Amino acid sequence: MAGQVVARGLGTIAAVQLSSVSGTVEDVRLAERGSGAIVIRSDGSPAWKPIEMAGPDAADGQPEIVERIISQSGISGIPTRFATAAIAPTDVENVIINGVSADIYNPSVSLIAGSRVKDLVAAFRILHRIYPAAVFSLALDAGVGAFAHQVRAEAPRGLISVHLLKAKFPQQREEMLLPVILGRPFPYGHRAITFGVLVVDIQSALAIHDAVVLGKPAIDRIVALSGPGFTRNIHVRARVGTVISHVIDSRLRQPDGLRLVENSLLTGKQIPDPASTPIGPQTHNLIALPEKKETGFLPFASAGLRKDSYSFAFASRLLPIGKEADTNLHGEERPCISCGFCESVCPVRILPSILHKYVKRGMIDETLLRYGITRCIDCNLCTYVCTSKIDVASLIRKGKARLEIPRIPVKEPTP
Amino acid sequence: MNGTTLLRRLGTAKPLGRLAVIFTTLEGILFGTKTLTSGAPHILDHIEIKRYMALVIAALIPSTVAAIVYFGWYALAMIVTSYLCGGIVEVAFAVVRKKDIEEGFLVTGLIFPLVLPPTTPLWVVAVGVAFGVFFGKEVFGGTGKNIFNPALVGRLFVTIAFPEMLSASWRAPFTDAITSATPLNLIRAGQALPPLRDLLLGLTPGSMGELFRIGVIAGGLFLLATRVSNWRVPFAYLAAVAVFSAVGNALAPLKFAPPQIQLLTGGLLFGAFFMATDPVTSPVTRAGKFAAGILLGIFTVLIRSFSGYSEGVMFSIILMNTFTPLIDHIVLSLKYRPVTG
């Protein structure tokens with residue numbers, strides 16, 4: 001039955017794995033990167049097993065009950081006294097619900113939450129119930145101003161502060177949200193949760209409401225199908241664990257020559273084999289891009305009406321028309337000419353052009369630490385804008401990895 | 001067989017040996033790249049070095065056309081000579097190093113004849129550009145590794161090697177009369193200057209590309225607007241020249257020409273917009289760019305006012321190139337304190 005616990009971590013407080021469909025367990029096997037996979041054949045029934053003790057009254061009930069419901073719902077990363085999390089519930093000082101659409105392709109916030117303003121506010125009240133001392137914020141971008149207004153009108157006075165941020169990549173990242181919303185510098189290299197800031201995406205916030213008020217376990221995700229590779233760009237609601245090819249195959253423009261990327265074109269992973277990859281609990285976007293090998297005659301001399309660029313080198317920057325997206329390099333790799341584009345776009349204000357040269361020459365030492373290499377948040381913008389087509393971000397990552405303090409093996413105490 | 005497969009085959013043809021690099025470069029120019037991204041980021045900006053350099057050349061079109069209009073086909077012959085001889089050096093290095101031919105040369109090959117007087121013999125153009133590309137760029141390891149602006153290295157070399165040809169004889173547009181006096185020489189001699197209109201249109205003796213100053217300014221602003229060149233260096237440079245010459249002129253009017261004359265004579269505008277902005281040889285840091293611009297301004301005004309030369313832009317930029325690593329080093333060590341603890 002969907003919502004049934006199919007796996008449980010060891011220990012007294014541990015995470016649960018819920019079945020996302022009703023059906024029969026066919027196989028339990030190892031999946032990639034050492035994780036385990038449970039294969040369940042669906043019986044086609046849409047029904048799910050409600051979470052115990054959940055209901056419309058639960059939201060105003062004992063915090064302990066609310067926490068128990070959330071810990072049983074399959075939503076991960078919410079500190080409760082029943083589930084493992086980085087910090088204890090009493091240490092949560094700030095809660096930010098993140099609805100900023102600042103990537104290249106984004107799921108529509110108004111589609112996901114536009115008709116659910118009341119539920120979103122209810123989710124805030126539920127979280128307020130278990131984190132009574134925390135400060136609550138809702139981060140949105142200027143594209144959904146009307147929605148922000150509705151939330152403000154619906155929310156009880158003083159509960160939530162709504163922030164309308166500029167939809168500029170990577171504003172949706174917690175490293176960028178914190179300085180703007182809380183007005184304090186981000187300790188780069190750490191997760192926000194470890195110092196008391198819980199960042200929840202808008203889908204998970206609604207899932208918290210559904211779990212506590214409706215008793216619905218977190219068994220499905222709304223996933224946007226984005227990019228020019230799909231015949232229509234739509235949002236689908238799919239059960240977590242659904243094989244991706246079941247969702248996309250009938251909707252692709254062509255069977256071959258497309259690249260499928262999860263969540264973000266700038267930072268997301270390629271899905272080389274959609275037939276054996278499931279929709280994960282964090283999947284919100286599947287992007288299909290043409291693998292473009294032909295670039296036409298004299299591509300560097302074209303007006304570039306649909307060519308995106310940080311520079312104003314193409315006519316595209318003057319016209320408000322859609323840009324084309326493909327996986328071509330758009331030029332040959334050349335030596336760095338220090339054009340300074342990477343510095344200009346770097347959201348954490350380090351100097352990628354200098355850092356990547358140090359790494360390339362093997363000069364990996366404390367100078368890189370001094371120049372702030374650990375502030376890098378892997379947003380990949382420096383590689384994106386590079387005039388010389390150098391993978392600047394990968395070189396910086398390499399430098400960071402080499403500088404990491406090697407773990408000192410701890411000798412087991414002998415009995 | 002279409003063009004792209006033909007060039008592909010030539011580019012991998014064994015009998016051609018190392019010369020095959022010419023065809024791979026040509027294929028890249030004509031048909032773009034076929035390489036795809038190999039991971040995140042899955043998409044890349046459309047800007048590339050070819051587009052970048054093409055925009056610099058586009059910005060130089062007004063100056064180039066004006067040079068040809070003012071000085072006739074001889075100006076064109078100088079440009080062709082520069083491209084040919086510089087091109088041979090560039091291609092030879094690419095072949096020896098088994099690397100793609102680098103597009104930066106296309107800019108050097110055009111800027112170099114534009115900073116020469118229109119009376120320069122073609123063989124001097126040839127020697128100068130070959131010297132500039134060879135000693136100004138290739139010996140440092142090619143594009144991106146050079147310390148000095150290659151066009152200026154060539155210009156400096158011919159200035160020192162052939163002084164009588166490069167600084168004694170000048171020619172005004174539309175005339176055949178050889179004169180020894182550019183407006184900067186006139187200032188030194190304390191003589192009357194041509195009207196501002198003539199300076200703006202470039203109807204005075206001077207180097208070929210610097211004369212049509214309206215076109216130079218338009219091209220420079222175009223580069224700033226496209227973000228190909230950064231506004232900090234030219235802004236700081238021109239502002240510094242204006243400020244220092246104004247102060248100097250107030251204190252010693254006989255030594256320092258007033259700001260409006262300084263800005264509109266010689267190669268200042270051309271140098272500020274097209275050579276001081278060279279990203280490779282100017283500082284990377286923002287503060288460094290301002291510092292370099294101010295240094296340039298001081299150097300230029302001082303050289304123009306006190307040295308044996310009437311023009312100081314070339315020397316100033318070469319001098320600034322020398323200080324570039326130091327400026328960046330100072331800025332970085334001030335900005336990033338040592339990690340303690």
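The values are calculated or read from the model by the stated rules, or taken from the named source; none is laboratory data. As the structure is a computational prediction, the values presented were derived from the model and not from experiment. When we count neighbours, we look across all protein chains shown, and the Cβ atoms used for this are built from the backbone with ideal geometry, even at glycine.
Taking only region B:145-174 into account, find how many residues are at pLDDT below 90 and assigned to a loop (DSSP other than H, G, I, E, B). Qualifying residue count for the region: 4. Of all residues in region A:248-266, those that are away from chain B (no Cβ under 14 Å) and either within 19 Å of the chain's Cα centre (by Cα) or not in a loop (DSSP other than H, G, I, E, B) (or both) total 5. Evaluating residue B:255 against the criteria (1) within 14 Å of chain A (Cβ to nearest Cβ); (2) surrounded by fewer than 22 Cβ atoms within 10 Å (Cβ to Cβ); (3) in contact with a Ser or Thr (Cβ under 8 Å, 6 or more places away or on another chain) leaves one unmet condition, (1). In the set A:255, A:320, only one residue is under 19 Å from residue A:104 (Cα atoms) and free of Cβ contacts under 8 Å to residues at least 40 places away in the same chain; that residue is A:320.
Kindly indicate whether any position in region A:25-38 is charged (D, E, K, R) and in contact (Cβ under 8 Å) with a residue 24 or more places away in the chain. Scanning region A:25-38, I find no residue that is charged (D, E, K, R) and in contact (Cβ under 8 Å) with a residue 24 or more places away in the chain, so the answer is no. So, residue A:336, is that one facing another protein chain (nearest Cβ under 10 Å), out of contact with any Asp or Glu (no Cβ under 6 Å at 6 or more places or on another chain) and on the phi < 0 side of the Ramachandran plot or not? It is true that residue A:336 is facing another protein chain (nearest Cβ under 10 Å), out of contact with any Asp or Glu (no Cβ under 6 Å at 6 or more places or on another chain) and on the phi < 0 side of the Ramachandran plot.
Take the conditions (1) under 18 Å from residue B:290 (Cα atoms); (2) within 14 Å of chain A (Cβ to nearest Cβ); (3) surrounded by fewer than 18 Cβ atoms within 10 Å (Cβ to Cβ); residue B:239 misses just one of them, which is (2). Looking across region A:174-214, the residues that are part of a loop (DSSP other than H, G, I, E, B) and touching a Ser or Thr at 6+ places or on another chain (Cβ under 9 Å) come down to A:187, A:188, A:189.
Of all residues in region A:275-300, those that are within 9 Å of chain B (Cβ to nearest Cβ) and hydrophobic (A, V, I, L, M, F, W, C) total 5. Figure legend. Inter-residue proximity from region A:367-384: first residues within 9 Å of another protein chain (Cβ to nearest Cβ) and acidic (Asp, Glu), second residues assigned to a helix (DSSP H, G or I) and surrounded by fewer than 23 Cβ atoms within 10 Å (Cβ to Cβ), beta-carbon distance below 8 Å, spacing 6+ or different chains. Indicated pairs: A:378/A:397. Filtered by the rule that a residue be surrounded by fewer than 18 Cβ atoms within 10 Å (Cβ to Cβ), part of a loop (DSSP other than H, G, I, E, B) and within 7 Å of chain A (Cβ to nearest Cβ), region B:33-50 gives B:34, B:35, B:39.
So which of B:30, B:6 is touching a residue at least 24 places away in the same chain (Cβ under 8 Å), part of a helix (DSSP H, G or I) and surrounded by fewer than 17 Cβ atoms within 10 Å (Cβ to Cβ)?
Working: B:6 fails: touching a residue at least 24 places away in the same chain (Cβ under 8 Å).
Going through B:30, B:6 in turn, the sole match is B:30.
Return a yes/no flag: does region A:286-307 have any residue that is modelled with pLDDT of 90 or more, aromatic (Phe, Trp, Tyr), surrounded by 14 or more Cβ atoms within 10 Å (Cβ to Cβ) and on the phi < 0 side of the Ramachandran plot. There is no residue in region A:286-307 that is modelled with pLDDT of 90 or more, aromatic (Phe, Trp, Tyr), surrounded by 14 or more Cβ atoms within 10 Å (Cβ to Cβ) and on the phi < 0 side of the Ramachandran plot.
Any chance you could count how many residues in region A:224-242 are aliphatic (A, V, I, L, M) and surrounded by fewer than 18 Cβ atoms within 10 Å (Cβ to Cβ)? Residues that pass the stated criteria total 2. On the stretch given as region B:175-219, residues that are modelled with pLDDT of 80 or more, in a helix (DSSP H, G or I) and among the charged types (D, E, K, R) total 3. Among the residues of region B:224-283, those identified as polar (S, T, N, Q) and either farther than 17 Å from residue B:314 by Cβ or out of contact with any helix residue (DSSP H, G or I) (no Cβ under 8 Å at 6 or more places or on another chain) (or both) are B:226, B:229, B:230, B:245, B:249, B:260. Note on region A:47-59: residues that are more than 20 Å from residue A:119 (Cβ to Cβ) and surrounded by fewer than 16 Cβ atoms within 10 Å (Cβ to Cβ) total 2. The condition of being within 14 Å of another protein chain (Cβ to nearest Cβ) and among the β-branched types (Val, Ile, Thr) holds for only one of B:119, B:159, B:81, B:108, that being B:108. Taking the conditions (1) touching a helix residue (DSSP H, G or I) at 6+ places or on another chain (Cβ under 6 Å); (2) free of Cβ contacts under 8 Å to residues at least 40 places away in the same chain; (3) crowded, with 19+ Cβ neighbours inside 10 Å; (4) outside any strand (DSSP E or B) in turn, residue A:245 satisfies each one other than (3).
Per the conditions (1) surrounded by 13 or more Cβ atoms within 10 Å (Cβ to Cβ); (2) at pLDDT below 85; (3) not aromatic (Phe, Trp, Tyr), the sole criterion not satisfied by residue A:39 is (2). Is it the case that region B:51-64 has a residue that's in a loop (DSSP other than H, G, I, E, B), within 14 Å of another protein chain (Cβ to nearest Cβ) and either within 30 Å of residue B:113 (Cα to Cα) or free of Cβ contacts under 8 Å to residues at least 60 places away in the same chain (or both)? Among the residues of region B:51-64, not one is in a loop (DSSP other than H, G, I, E, B), within 14 Å of another protein chain (Cβ to nearest Cβ) and either within 30 Å of residue B:113 (Cα to Cα) or free of Cβ contacts under 8 Å to residues at least 60 places away in the same chain (or both), which makes the answer no.
Looking across region A:301-330, the residues that are over 29 Å from the mean Cα position of the chain (by Cα), more than 8 Å from every other protein chain (Cβ to nearest Cβ) and either under 23 Å from residue A:264 (Cβ atoms) or not small (Gly, Ala, Ser) (or both) come down to A:305, A:318, A:319. Highlighted here are the helices (runs of 4 or more DSSP H) found entirely within region B:68-142 that include at least 3 residues which are at pLDDT 95 or above and in contact with a Ser or Thr (Cβ under 6 Å, 6 or more places away or on another chain): B:104-114, B:122-136.
What residue, of B:205, B:195, B:183, is buried (at least 24 other Cβ atoms within 10 Å of the Cβ) and more than 14 Å from every other protein chain (Cβ to nearest Cβ)? From the options B:205, B:195, B:183, the qualifying one is B:205. Could you tell me whether region A:353-368 includes any residue that is crowded, with 21+ Cβ neighbours inside 10 Å, of a type outside the set (Asp, Glu) and part of a loop (DSSP other than H, G, I, E, B)? Looking for residues that are crowded, with 21+ Cβ neighbours inside 10 Å, of a type outside the set (Asp, Glu) and part of a loop (DSSP other than H, G, I, E, B), one finds none in region A:353-368, hence no.
Checked against the criterion of being crowded, with 18+ Cβ neighbours inside 10 Å, more than 9 Å from every other protein chain (Cβ to nearest Cβ) and more than 17 Å from the chain's Cα centre (by Cα), the candidates B:91, B:21, B:96 yield just one match: B:21. Residue count for region B:163-178 under the criterion of being surrounded by fewer than 16 Cβ atoms within 10 Å (Cβ to Cβ) and not aliphatic (A, V, I, L, M): the result is 6. Part of a helix (DSSP H, G or I), under 19 Å from the mean Cα position of the chain (by Cα) and either free of Cβ contacts under 8 Å to residues at least 60 places away in the same chain or within 14 Å of another protein chain (Cβ to nearest Cβ) (or both): does that describe residue B:320? The answer is yes for residue B:320.
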